[in-house]
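A.B. asks: Would you mind keeping the following structure in view while I ask a few things?
The values are calculated or read from the model by the stated rules, or taken from the named source; none is laboratory data. Keep in mind the model is a prediction, meaning the values are calculated, not measured. Here Cβ is always computed from backbone atoms with ideal geometry, including for glycine, and neighbour counts include all displayed protein chains. With ligands, DNA and RNA removed, areas are computed over all heavy atoms of the protein, side chains included. Shrake-Rupley method; radii C 1.70, N 1.55, O 1.52, S 1.80 Å.
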Amino acid sequence: MSDRRRIGVGITGASGAPIAVRLIEVLLESDCEVHLTCSKAGRLVIQEELGPRQTAGTPGGMIPGLQHDQLLEFSERDFYAPMASGSSRLDAMVIVPCTMGTIGAIAAGTSDNLLRRAADVMIKERRPLIVVPREAPLSEIHLENLLRLARAGVTVIPPVLTFYQSPGDGVAEQIDFVVSRILDHVGIDNDLYARWGKR
Ligand SMILES: Cc1cc2nc3c(=O)[nH]c(=O)nc-3n(C[C@H](O)[C@H](O)[C@H](O)COP(=O)(O)O)c2cc1C
């Protein structure tokens, strides 16, 4: 088996598709193999937030303009995808952005699409699962579901605004801060953001 790290990425129908795109780009630059799946609502929000991106000049698949040999895409109904089974050994999985619907479904163990099944597999196999939940405000139900996931070993990284660096930070810097925290938990070295105490 190759030493290349295999990272699962799931995109659901919450606001934040640009965070997922940036994460995937950095994972590919870090020589990871990325296994990508999107929920049906995730595809809608990608269209809403990314539109027809022109960056790479190629049509791309799930993400317009993003194609790569090490980016493998799987439909939400493809339960033959490697991430659907514990035997396939993803090194980590990140669900970004993650809706409250998917948080609830994972907490209830429904496994009713590939993304939710893959999350269930990561939890049962005790491998790193990171969720980036996006909703405001959070209800008692959302918080209870998030607590349930945290107690099952899932890392919860909300995409919060950060003002450590400088007041002039724009959206790109805010995205990099969130992606940097995700990468730290996936175990991938990065210097996307100046670390505390190193200024
Ligand atoms: C444009 C758009 C933005 C949305 N943003 C959010 C959001 O930020 N957080 C959330 O929990 N749901 C959001 N939703 C609702 C979810 O997409 C909806 O609950 C969906 O059923 C979730 O399915 P999924 O978890 O399988 O992607 C949004 C829907 C649309 C159309």
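A.B. asks: Let me have the 222 nm mean residue ellipticity of the chain computed from DSSP H runs of 4+ only, each contributing -39500 (n - 2.57), with the sum over all residues rounded to the nearest 500.
C.D. replies: The per-residue figure over the chain is -11000 deg cm²/dmol.
A.B. asks: With every protein chain present, what is the per residue accessible area of region 6-186 (1.4 Å probe, Å²)?
C.D. replies: The answer is 47 Å² per residue.
A.B. asks: Rounded to whole Hz and in sequence order, give me ³J(HN,Hα) for region 173-181 from the Karplus expression 6.51 cos²θ - 1.76 cosθ + 1.60, θ = phi - 60°, writing x for Gly and Pro.
C.D. replies: So the J values, rounded to whole Hz, are 5, 5, 4, 5, 4, 5, 5, 4, 5.
A.B. asks: Work out the length of the dipole vector of the chain about its Cα centre, built from +1 on the beta-carbon of each Lys and Arg and -1 on the beta-carbon of each Asp and Glu, and round it to the nearest 20 debye.
C.D. replies: Dipole about the Cα centre, nearest 20: 440 debye.
A.B. asks: What is the percent of Cα-Cα separations in region 6-186 that go past 23 Å?
C.D. replies: The share of Cα pairs beyond 23 Å in region 6-186 comes to 36 percent.
A.B. asks: Also, quick follow-up: Which value, in Å² and to the nearest 10, is the accessible area of Ser139 when all protein chains are kept and the probe is 1.4 Å?
C.D. replies: Accessible surface of Ser139 is approximately 40 Å².
A.B. asks: Then there's this: Over the chain, what is the relative contact order in whole percent, taking alpha-carbon pairs under 8 Å and six or more residues apart?
C.D. replies: 21 percent.
A.B. asks: On to the next question. Around Gln70, under 12 Å between beta carbons, what's the net of Lys plus Arg minus Asp minus Glu among the other residues?
C.D. replies: The answer is -3.
A.B. asks: Quick one: go through region 24-48 and flag any residue whose amide nitrogen is under 20 Å from the point 7 Å out along the Cα-to-Cβ line of Asn190.
C.D. replies: 24-38, 46
A.B. asks: Toward the positive end of the charge dipole of the chain, about the Cα centre and with charges on Cβ (Lys, Arg +1; Asp, Glu -1), which of Phe74, Val178, Leu143 goes farthest?
C.D. replies: In the chain, that residue is Leu143.
A.B. asks: So for Phe79, Phe74, what's the accessible-area order with a 1.4 Å probe, most first?
C.D. replies: So the residues, ranked largest to smallest area, are Phe79, Phe74.
A.B. asks: How would you order 63-72, 186-195 from highest to lowest mean count of nearby Cβ atoms within 10 Å?
C.D. replies: Final packing ranking: 63-72, 186-195.
A.B. asks: Could you give me the ³J(HN,Hα) list for region 12-28, computed from phi with Karplus coefficients 6.51, -1.76, 1.60 and θ = phi - 60°, whole Hz, x at Gly and Pro?
C.D. replies: Whole-Hz 3J(HN,Hα) from phi for region 12-28: 10, x, 10, 5, x, 3, x, 5, 4, 4, 4, 4, 4, 4, 5, 4, 5.
A.B. asks: What part of the accessible area of region 6-186, given as a whole %, is carbon or sulfur when the probe is 1.4 angstrom?
C.D. replies: Of the solvent-accessible surface of region 6-186, carbon and sulfur hold 52 percent.
A.B. asks: Quick one: of the DSSP bridges fully inside the chain, what percent are antiparallel, nearest 5?
C.D. replies: Bridges in the chain are about 5 percent antiparallel.
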